[in-house]
Amino acid sequence: MRCLMPGAAAFGPRDHAGRLRLSVLLALLQSALVHAQQAADAPLLLKTSPLLQEQITPEVRGRLPSFVSGQRITGRANQETMVEGQAMLRRGDMVIKADRLEYDQPTDVAKASGHVLINRAGNVYEGPLLELRLETFEGFFNEPSYHFLRNEAHGQADRIDFLDEQRAVIHNATFTTCRRLPGPSWMPDWILKASTISLDNERDVGTASGAVLSFKGVPLLPVPYISFPLSDKRKSGVLPPSVGLDTVNGSEISVPYYWNMAPNRDATITPTLMSKRGVNLGTEFRYLEANYAGNASLDWMPADLLRDANRWGFNLSHQARIASAWTNNGAELAMSLNRVSDDDYWRDFTRTSGSLTQRLLANDATLSWSNGDWINRVRTLKWQTLQDVTAPIVPPYDRLPQLSTRFAASHSSGLKYAVDADYTRFQSDPTRTLQSNGQRSFALLQASYPMTAGGGFLIPKVQLHASQYQFETPLANGDTSASRSVPTFSLDSGLVFERDTQLFGRKLRQTLEPRAFYVSTPYRDQSLLPNYDSGANDFNLATVFTENAFVGNDRISDSNLLTLGVTSRFLDPATGAEAARLGVAQRLRFQDQKVTLPGDLPAQDRVSDLLFGGSINWDRHWGVDATLQFNPTTEQSVRSTLAARYNPGPYRTLTAAYRYQRDSSEQVDFGWQWPINDLWGDKGQNLAAGQGQGEGRWYSVGRLNYSINERKLVNALLGFEYDASCWLGRIVFERLQTSSITATQRIMFQLEFVGFTRLGVNPLKSLKDNIPGYQILREPGSLPSRFSNYD
C-alpha cells in the first residue's frame, strides 16, 4: 500500500474528485485496521488482483489518477503543479522522472527537465528535456536515448516526436539490438543510422529512411527506405535480398516482397535473377479460413537461357471441411496438385518445392465422409511422370476415378466384422506399362473373434477377396474380362509373461511375449491379370505377421505358412516407458507360393530368413535401433540397419546410421549440431528455448551421406554457426546428388541481425530438413511483460 505523505500529492481531472478519493482511502484504511485487529489469528487468503493489467485500454486510462512526488511541491489547485528534486509523475503504465517537473492540469501537459526518464509500458526514454500531453501521449523529447522492451533494441537521436500513444518519429536516429557495454569507446557490432525512424506499435512496424546499415564499423548496405518488425508479427514489405552461388544456375540474387493481406492470408512474391538462366518469378499464397486452408506456389521463368524454353512449376495443397447433415461430422476434401513444364524440371530446379523435385508428381483430390459405421471416399489421382532417356521409369496408373467404402462393426458377443469395397478405373500409357488399361471392382469381407486375457490372446479370422475386371484391350488369352475370389483363414496367438528384474542398478519389468501366426490361402491362378497397384510387402518384423505377401489388390498370395516370433521388452514399472526391446521372428512355409508379381519366380524356400530387431532408449538422451535379416542357408546377412542418436541437451545432437542391402547398397550417414566451444570447456549458459547458449559461441552443423560400395559422397551438408548475441552468422555448404553422375553444389552465407533483418542466403530450411533434432538459435517467443522492466 502506498501512502500519500506531505511531500507528495495526488490530483485527477478535478480537485474535488481528488479530495473524494483521499476521503475514501482514509475510510477504507480505518476499516481495514479494525478488521485486521479482529482477525489477527485468521489465515491469510490470497486472491488474484484485477489491477495489474498487461495493457490498459484508452477508456480505463482516461479515468486513472496521476501521482506525483518529489522533494518540493508547489502549485495552484486545478491549475499547475511544480515538483523539484527527485520529481516523479506516475499514471497507469507510465512514469516520468526528472530533476524538475511541471504539470499544467487544464492542458494535461507535463514538462520535465534535467535527467529526464520516461518509462511507458517497459519502453524507456532518457534525455535532458521532455514535453508531453499525458492522456494522448503527444509531445517531444530532445536528445534522447531509448530502449524498447519487445526486441531489446536501443539507440540515440536528436529528437523524438510522439504522435500518439502508438506512433513516434525519431530524427537522426541509431538503432541496434547489441547489448550496451560500459565505457565511452563502446560501439555495437551492428548499427542502423537513419535520418528518420518511424515506429508504429499498433502495427508492430518500424520504417527507416536515409539509412545505412553498418557491421563491425563497415557500411554494408545503404538503405534509402526499409521497414522492419517491432515484434514477431507479420508485416508487409520488401524482405532482405538473398545472394547465392550455384553450380547450375550461377550467381543468384532474390528480392522477396511479403504481402500480409489479412491475419489469415498472405503472399510472398520473389523475383530472382540467375546469371546462367535469366529471371524467375516465384509466388506463394497461403490462406486459413474456418472451414478450409491451404497454400499455392507458382514459379515462372519466361525464357530459360540454358534450355531456350519457358519453364514453370505449380503446387497446390488444399484441405476443407464441408458441412453436411447426412454425415457424422461433415465431409473432408483434400487436394494436392503438382505440375511442371517439362521432364528436366526436377533436375534443373532441385531446391523448389519438395513435391516438384521428384520424377513422379501426384495430382490427387479426395472427398471422404462417414455415415454411422460406414466410411466412404471418392478419389481422383493423375500422375505426371518426368522421363529421363538414360533412366526411363514405368509410369504408375491414374485412378480416374476411385470409389471406395468400408463398413466395420462389432457384436456384443465379441465378433468383429468388416466389409471393404472399391471401384477404380486405371489409366496409363500401355506402350510403357505393356498392360491393358481397365476397370476393377474389389470387395473384401472379413470376420474375426478376438479372445484376450491378461496373459495372452487368440484371434481366429476369415477373409474373402473378390475381384471383377473389365479391360480395354484383350488379355493374352483373348478375354476382355476376368474375375477372382480367394478365401483366407488366419489364426493369431500370443502369450505375455512378466517378471521384475534389475539391469545396471535400475529396476525394470521384463516381458516375454511369444507369438504364433498361421495363415492358409488356396492357390488361384492370377498370372494373366494385369498388375495395377500391387507390390511386394517389405519383409520385416511388422509385415511378417500379415496374411498377404503383397500390398494392393491385384495379387493375393497363396499361403500355407506359420510365423513364429518372440519379443522381450524392458519397461519402467512406474511410467510404463519402454527402455529396451528385443525381437526375433521366422516364417515356416509348408508349400510353394505360386502367385507372383510379373517377372518374379515362385517362393520355394521352406524356412524364411531370420528377422532380428532391437531398440534401446535407456533415457531421453540417447537411443539405438537395429534390424537384421539373416539367411540361415548362406549364413550371410541380407539386409541390416543400425541407427543411434545422442541428445544430451539443447543444441547438442548426434545421429549415425548404417544401412546395408546385399548386392545393392551400403551407406553410412552422420548428422550433428554441436557447440565447438565444448572442446575448450565452455559449456555455455542454460537460456530459454530458442535463445542459444550465450554470446561468443561457435556451432558445427552437418549431415554426410556416404556410399561405401560406390566409394563416394552422395549428399552433404556442412557448415558453422556463430552466435554473437545480437547477430548470428551462418555459412553452409550443400551438395545434392541429381543423378548417378551429376550433382549440384552451393554455398549459403547469412548474417542475421537479431530483432531487425537477415542478409544473404537462408540455410535454415536445409538445416531443419536434413539434421535430425536441429534447433534454431533464435526462435520467436512470447512478448515480454511490461512488468519485467517496471520502474
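The values are calculated or read from the model by the stated rules, or taken from the named source; none is laboratory data. All of these numbers come straight from a predicted model, not from anything done at the bench. All Cβ positions, glycine included, derive from the backbone under ideal geometry; neighbour counts span all protein chains shown. Only protein heavy atoms, including side chains, enter the accessible area calculation; ligands, DNA and RNA are left aside. Shrake-Rupley method; radii C 1.70, N 1.55, O 1.52, S 1.80 Å.
The set of residues in the stretch 529-542 being part of a loop (DSSP other than H, G, I, E, B) and not aliphatic (A, V, I, L, M) consists of PRO530, ASN531, TYR532, ASP533, SER534, ASN537, ASP538, PHE539, ASN540. Residues in the stretch 701-739 that are in a loop (DSSP other than H, G, I, E, B) and either in contact (Cβ under 8 Å) with a residue 12 or more places away in the chain or touching a Phe, Trp or Tyr at 6+ places or on another chain (Cβ under 7 Å) (or both): ILE708, ASN709, ALA724, SER725, CYS726, THR738, SER739. Any chance the stretch 159-170 includes a residue that's in contact (Cβ under 8 Å) with a residue 24 or more places away in the chain, buried (at least 22 other Cβ atoms within 10 Å of the Cβ), within 30 Å of ASP723 (Cα to Cα) and not small (Gly, Ala, Ser)? Among the residues of the stretch 159-170, at least one is in contact (Cβ under 8 Å) with a residue 24 or more places away in the chain, buried (at least 22 other Cβ atoms within 10 Å of the Cβ), within 30 Å of ASP723 (Cα to Cα) and not small (Gly, Ala, Ser), which makes the answer yes. In the stretch 317-341, of all residues being touching a residue at least 40 places away in the same chain (Cβ under 8 Å) and not in a strand (DSSP E or B), the one that is surrounded by the most Cβ atoms within 10 Å (Cβ to Cβ) corresponds to THR327.
Only one of the numbered conditions (1) touching a residue at least 60 places away in the same chain (Cβ under 8 Å); (2) touching a Phe, Trp or Tyr at 6+ places or on another chain (Cβ under 9 Å) is not met by PRO763, and that is (1). On the stretch given as the stretch 245-272, residues that are more than 25 Å from the chain's Cα centre (by Cα) and either more than 18 Å from MET301 (Cα to Cα) or buried (at least 17 other Cβ atoms within 10 Å of the Cβ) (or both) total 7.
The residue pairs whose first member lies in the stretch 675-689 and is surrounded by 11 or more Cβ atoms within 10 Å (Cβ to Cβ), whose second member is part of a helix (DSSP H, G or I) and of a type in the set (Asp, Glu), and whose beta carbons are closer than 9 Å, counting only pairs six or more residues apart or on different chains, are GLY684/ASP678.
Filtering the stretch 363-379 to residues that are open to solvent by 30 Å² or more (accessible area, probe 1.4 Å) and closer than 28 Å to ASP342 by Cβ leaves ASP364, ARG379. Quick one: in the stretch 689-723, which of the residues that are out of contact with any strand residue (DSSP E or B) (no Cβ under 9 Å at 6 or more places or on another chain) and at negative phi is modelled with the lowest pLDDT? By that ranking, first place goes to ALA689.
Okay, residues lined up against (1) within 30 Å of VAL701 (Cα to Cα); (2) surrounded by 14 or more Cβ atoms within 10 Å (Cβ to Cβ); (3) of a type in the set (Phe, Trp, Tyr):
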position	(1), (2), (3)
VAL584	no, yes, no
ASP609	no, yes, no
ILE616	yes, yes, no
PRO632	no, no, no
ALA644	yes, yes, no
GLY649	yes, no, no
THR655	yes, yes, no
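All of (1) at pLDDT below 95; (2) under 25 Å from TYR774 (Cβ atoms) hold for ARG645 with one exception: (1).
Among the residues of the stretch 296-315, is any assigned to a strand (DSSP E or B), free of Cβ contacts under 8 Å to residues at least 60 places away in the same chain and among the acidic types (Asp, Glu)? Yes. Flag: LEU503 matches the condition of being among the hydrophobic types (A, V, I, L, M, F, W, C), open to solvent by 50 Å² or more (accessible area, probe 1.4 Å) and touching a residue at least 60 places away in the same chain (Cβ under 8 Å). Of the residues making up the stretch 103-119, those that are closer than 22 Å to ARG63 by Cα, of a type outside the set (Ser, Thr, Tyr) and either in contact with a Leu (Cβ under 9 Å, 6 or more places away or on another chain) or crowded, with 19+ Cβ neighbours inside 10 Å (or both) are GLN105, ASP108, VAL109, ALA110, LYS111, ILE118, ASN119. Are any of the residues in the stretch 164-174 among the polar types (S, T, N, Q) and at positive phi? Looking through the stretch 164-174, at least one residue is among the polar types (S, T, N, Q) and at positive phi. Quick check on the stretch 380-415: of everything there that is hydrophobic (A, V, I, L, M, F, W, C) and part of a loop (DSSP other than H, G, I, E, B), which residue is least open to solvent (accessible area, probe 1.4 Å)? If we take residues in the stretch 380-415 being hydrophobic (A, V, I, L, M, F, W, C) and part of a loop (DSSP other than H, G, I, E, B), then LEU386 is least open to solvent (accessible area, probe 1.4 Å). Among the residues of the stretch 295-308, some residue qualifies, meaning at least one is aliphatic (A, V, I, L, M), open to solvent by 70 Å² or more (accessible area, probe 1.4 Å) and touching a Gly at 6+ places or on another chain (Cβ under 6 Å). The number of residues in the stretch 436-480 that are open to solvent by 50 Å² or more (accessible area, probe 1.4 Å), touching a strand residue (DSSP E or B) at 6+ places or on another chain (Cβ under 7 Å) and over 26 Å from GLU547 (Cβ atoms) comes to 3. Filter the stretch 55-73 for residues that are open to solvent by less than 30 Å² (accessible area, probe 1.4 Å) and assigned to a strand (DSSP E or B); which is modelled with the highest pLDDT? Ranking the qualifying residues of the stretch 55-73, first place goes to SER69.
Looking only at the stretch 581-609, filter to residues that are in contact with a Pro (Cβ under 9 Å, 6 or more places away or on another chain) and in a strand (DSSP E or B); which one of those is nearest to TYR518 (Cα to Cα)? By that ranking, first place goes to GLN586. The set of residues in the stretch 543-580 being open to solvent by 20 Å² or more (accessible area, probe 1.4 Å), in a strand (DSSP E or B) and either β-branched (Val, Ile, Thr) or within 17 Å of VAL496 (Cβ to Cβ) (or both) consists of VAL551, LEU564, VAL566, THR567, ARG569, PHE570, LEU571, GLU578.
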